[in-house]
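The values are calculated or read from the model by the stated rules, or taken from the named source; none is laboratory data. These numbers were taken from a predicted model, which means no experiment stands behind them. We place every Cβ from the backbone using ideal geometry, glycine too, and count neighbours over all the protein chains shown. SASA here: full protein model, heavy atoms, side chains in, ligands and nucleic acids out. Shrake-Rupley method; radii C 1.70, N 1.55, O 1.52, S 1.80 Å.
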Amino acid sequence: PLHLYVWNILVTGTNRGIGLDLVRYLAEKTNEETRIYACCRDPEGDKAQALRDLAIQHPQKIQLIKLDQSNEDSISCAFQTVSAHIGAGGLNLLINNAAIAKPPIPGLLSDTNKQDMMEGYETNVVGPFLLTKVSLSPSSQWKFTQSAVINISTLGSSIEKLPENFHAAQLYSYRASKAALNMVTRCFSEEFKSQHILVAAVHPGWVRTDMGGEQATITTQESVLGMINLISSMSNKDRGMLLDWEGTIIPW
Ligand code: NDP
């Protein structure tokens with residue numbers, strides 16, 4: 001199992017929603033040597049005030065990193081910055097959390113165009129793919145031992161479960177992108193098995209955030225607590241799987 005202590009952690013999409021509370025929880029619950037690389041599009045902008053306030057409370061632990069994951073140069077640049085901080089120490093946990101849902105919920109067919117389909121794929125699949133690829137490349141200095149890549153996916157990606165929730169939100173672009181992210185997760189899981197890097201997809205629950213909306217059933221705190229408990233107890237059986245925040249397997 002993975003244990004949550006001396007860790008170098010990278011999380012994307014940390015200025016609001018689930019990502020912000022992931023960083024908060026990790027900063028509070030890990031030991032002093034842990035370093036958290038909290039990525040967001042605009043660390044100096046108005047939308048990152050809450051993240052900056054959090055970083056001020058944990059100046060040793062939290063480092064803000066500028067990252068637009070729809071931009072390949074930005075991914076390379078963010079990786080180089082993190083790499084320079086970490087040196088040979090290695091990264092232990094990469095959480096690909098940032099994503100978009102365009103058009104917003106319910107994402108009707110009549111409102112969805114080519115650009116929405118492409119942007120969903122670029123941000124939700126290609127971004128995490130490229131960031132994971134650079135992070136795990138043999139030429140990178142990062143030495144993964146007892147490490148994991150967690151891709152935040154969704155119940156909405158499940159083809160088997162679709163009839164149960166399609167009526168609530170159609171979300172063509174978002175669902176298709178997350179189903180593709182699941183496949184990328186499974187491929188990386190196979191690719192890095194021999195290096196003992198655990199790669200899995202996690203559904204955070206239906207969470208009250210800008211994306212989840214006010215009707216959602218759980219808070220970011222409940223979601224994060226569940227996901228961190230799950231991640232820290234993951235073992236071989238969880239490789240390449242899609243699990244919800246309570247640890248239940250979701251069928252593809
Ligand atoms: P929010 O919409 O509240 O936050 C999304 C985050 O992703 C923001 O920090 C946003 O930054 C960031 N982001 C979007 N595009 C980019 C980009 N191109 N580059 C970098 N960062 C970007 O979402 P949630 O917190 O609700 O969702 C977090 C994860 O959980 C997502 O992967 C989502 O799909 C998943 N999820 C959420 C559910 C829910 O009920 N909330 C249900 C199932 C899955 P910015 O402020 O700059 O836009």
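Some observations on this one:
- Scanning segment 148-197 for residues that are among the basic types (Lys, Arg) and open to solvent by less than 10 Å² (accessible area, probe 1.4 Å) yields a total of 1.
- When residues in segment 79-97 are screened for being hydrophobic (A, V, I, L, M, F, W, C) and free of Cβ contacts under 8 Å to residues at least 40 places away in the same chain, 1 of them pass.
- Selection within segment 199-243 - in contact with a Leu (Cβ under 7 Å, 6 or more places away or on another chain) and part of a strand (DSSP E or B): 200, 201, 202, 203, 243
- Residue check, residue 26 within 21 Å of residue 132 (Cβ to Cβ), aliphatic (A, V, I, L, M) and in contact (Cβ under 8 Å) with a residue 24 or more places away in the chain: yes
- Residue within segment 103-123 that is open to solvent by less than 20 Å² (accessible area, probe 1.4 Å) and of a type in the set (A, V, I, L, M, F, W, C) present: no
- The residue of segment 223-238 that is farthest from the ligand (Cβ to nearest atom), among those that are over 26 Å from residue 133 (Cα atoms) and crowded, with 17+ Cβ neighbours inside 10 Å, is 226.
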